[in-house]
Amino acid sequence: MSWRNQTDDDTGPQTLRFLPAREPGPQLRFAGNSNKWTNVSISEMYRYIGLLFYMAMVKLPSIRDYWRQSSIFTVPFPATVMPRDRYRTISWNVHMSHPDADKENDRKRGTAEHDRLFRVKPLMETIRHACKTIYHPRRNLAVDERMVACKANTGMTQYMKAKPTKWGFKLFVLADSSNGYTMDFSVYTGKNNFPTGHGLSYDAVTSLLDNNVLGSGYHVYMDNFNTSPKLLKDLLTMKFGACGTYRDNRKNCPRNAENSLSKKSARGSIRWIRDGPLVFVKWMDTRKVSVCSTIHSAYTGDTVQRRVKSQGTWRTKTFPCPAPVSAYNQHMGGVDLSDQLLQYYSAQHKTMKWYRKIFLHFLDIAATNTFIVHKELYGNLSHKEFMEQLIAELCGVSQKAAPKTDQ
């Protein structure tokens, strides 16, 4: 026998088949039956959703704190609705699509057939249909972006510096400007879901406006991400008026025109150019504001009041304001109002699954829209009172009854 080196050939032994009696790893999962699966009934799912909204109103550091016993910090109600382990089991297993279909879609990853929203699409389409069915909007609508906080590495999460929520899923939202009702929305997947060749800023708006659903003659307000002369003219062809702030470098927007505003222009100065149905307006406030519209005349006598410092004293002064700017400031806040209502009692909390974040946001949309409709019909409950009543009805209890826990 002698040692050989790496250049010599070697014939290894026959590989043994690895056939463990059980799956390698910890074997504790079968030690108890506390999380044994049983089918979820409709009433139990209502109670589960009711608990999600209850946790949105009664904030505690972690989920287990809601079932904490024998403490001055005990919250008795959740334990009367369902056991903690049952709540966790439903949370771990909640899906909006069939798991077998999910696996089939996952096999298509990297191909054009793969649908990034497959796991949320069934419920998403149901929520969108309900939003458009139970309420019809007033004339003024707003289109804007909304962020759902999430830092999961899904390929769909976006970073938006200007938004309060910097990281998350980006939604394009159509809202009623008068009350913040979410009429329709689309989830941005990192690529254009509705390619028409005109770009995302164009398609994000047109995909949310359907004459068959809305009718015609609506006024749509948008920010400078979406506004372009091409979009506003095409919307007018669809019988939608539109108004929005715009970027000076956008294609077909007026540039280098004579008599434009300068940095030295006085506050309240107005310049405008009309191009057929389009009017481009520039207005000097603390900084220059550029707005384009197919709805308004350039100036109709509107004024705004501003606090200005003169000779060391702050005074209120009146300045002229273009009609498109005045209307934009009045109606563009529809999505911001919607976001504000959503945040008051949001069901969002930390979760490991990205699609659960979307699921919770769908619940927030449903609850907030329902509150708005209830307010329109009756107007007798505050948002907090409405959520308390909704939670009680979902959980099948009376608000007046003191909960009793099993000893």
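Structural remarks
- Any chance Asn105 is among the polar types (S, T, N, Q) and open to solvent by 20 Å² or more (accessible area, probe 1.4 Å): no
Quick grid of which residues meet (1) open to solvent by less than 80 Å² (accessible area, probe 1.4 Å); (2) within 18 Å of Ser41 (Cβ to Cβ):
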residue	(1), (2)
Pro83	no, yes
Thr89	yes, yes
Gly110	no, no
Glu113	no, no
Phe118	yes, no
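- Some residue of segment 274-295 being at pLDDT 90 or above, hydroxyl-bearing (Ser, Thr, Tyr), outside any loop (DSSP other than H, G, I, E, B) and open to solvent by 60 Å² or more (accessible area, probe 1.4 Å): no
- Subset of segment 303-326 [of a type in the set (Phe, Trp, Tyr) and surrounded by 10 or more Cβ atoms within 10 Å (Cβ to Cβ)]: Phe319
- All of Leu208, Leu235 fail the test of being surrounded by 14 or more Cβ atoms within 10 Å (Cβ to Cβ) and either within 17 Å of the chain's Cα centre (by Cα) or under 26 Å from Ala112 (Cβ atoms) (or both), apart from Leu208.
- Test: His114 is without any contact (Cβ under 8 Å) to a residue 40 or more places away in the chain and within 16 Å of Ile365 (Cα to Cα): no
- Residues in segment 331-382 that are modelled with pLDDT of 90 or more, exposed (fewer than 15 other Cβ atoms within 10 Å of the Cβ) and over 30 Å from Ile295 (Cα atoms): Leu377, Tyr378, Ser382.
- Residue in segment 150-170 that is open to solvent by less than 30 Å² (accessible area, probe 1.4 Å), in a strand (DSSP E or B) and within 15 Å of Phe225 (Cα to Cα) present: yes
The values are calculated or read from the model by the stated rules, or taken from the named source; none is laboratory data. If you're wondering where the values come from, they're calculated on a predicted model, not measured in any experiment. Here the Cβ is made from the backbone with ideal geometry for all residues, glycine too, and neighbour counts use every protein chain on show. These accessible areas exclude ligands, DNA and RNA; they are computed on the full protein's heavy atoms, side chains included. Shrake-Rupley method; radii C 1.70, N 1.55, O 1.52, S 1.80 Å.
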